[in-house]
Amino acid sequence: MILRLRSHVSWAWLLLAGACATVSPFDRALDSHSFEDAAALFESDSSLHTHAHALYRAALLYGTPGLPTYDPVRARDLLERMLALDPESASWESSSMLSLLRELDRVEKVADARRTELATRADQLASEADGLRRRIVWLEERIQTQVEQHELLRRVVNRLEADLRDREARLQALQSELDRLKAIDLQTPPRPPPAQLF
């Protein structure tokens, strides 16, 4: 019995040692949450690209939002490679994650198209705004010209009004002088006609 128990313990140690021996630097980096190191190790070790377990863990590494390694397109590619290499490795989690990443890719494409559409519309609006600014500048220049012309006309009118007042004053002075001369003429007796010599 003891011998059998020792045999089982030895077998467990062998399994544990074997499991430890198969843990890759990629797995160790991932388990210690050194995500960027894990990504670099995965990309540099092509042997990991043929193991379903490593592909799944790498897909989680790239497919988890908030990690510095987040790259949903890369995660989707890795899951598709995993399922192509080993269709039996498909689990509910991997299938769900692949569906989610495909949907995310579709949404990204729609968002990219919308961004492009909005950028085009923004360019159109910027162009229209530039046209409106140029129109405003033109109108302001026209208004300024009209203001200057109005000011010039106002000065001309003021000068003409001053001339008119001056002429009216001179006319009134002449009229007064004429009235005075008429009054003098009325007060003076008429001159006798010149005498005739013949």
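Compute the distance in nm between two label points, each set 7 Å from the Cα along the Cα-to-Cβ direction, one at residue 77 and one at residue 119.
Output for this residue pair reads 2.2 nm.
What is the set of long-range amide H partners of residue 45 at a cut-off below 5 Å, with H atoms built 1.01 Å from backbone N?
Result for residue 45 returns nothing.
Pop the C-beta distance of residue 47 and residue 127 into the FRET formula with R0 = 45 Å and round what comes out to the nearest 0.05.
The formula returns an efficiency of 0.25 here.
Contour minus end-to-end for residue 169 and residue 104, with contour as 0.36 nm per residue of separation and end-to-end as the Cα-Cα distance?
Full extension from residue 169 to residue 104 adds 14.1 nm.
Compare the peptides 42-51, 76-85, 130-139 by average per-residue count of other Cβ atoms within 10 angstrom and give them in order, highest first.
76-85, 42-51, 130-139
Would you kindly state how much longer the chain becomes between residue 180 and residue 148 on full extension, computed as 0.36 nm times their sequence separation minus their alpha carbon distance, in nm to one decimal?
In short, 6.8 nm is gained.
Through the Karplus equation 6.51 cos²θ - 1.76 cosθ + 1.60, θ set to phi - 60°, convert the phi angles of the range 152-164 into ³J(HN,Hα) values in whole Hz; use x for Gly and Pro.
Once θ is set to phi - 60°, the couplings for the range 152-164 become 4, 4, 4, 5, 4, 4, 4, 5, 5, 5, 5, 4, 5 Hz.
Tell me, in nm to one decimal, what length is gained between residue 140 and residue 70 on full extension, where the rule is 0.36 nm per residue of separation less the Cα-Cα distance?
Extra length available between residue 140 and residue 70 comes to 19.8 nm.
Throughout, read-outs are computed from the coordinates displayed, never taken from laboratory work. All of these numbers come straight from a predicted model, not from anything done at the bench. Neighbour counts are summed over all protein chains in view; Cβ atoms, including those assigned to glycine, are modelled from backbone coordinates with ideal geometry.
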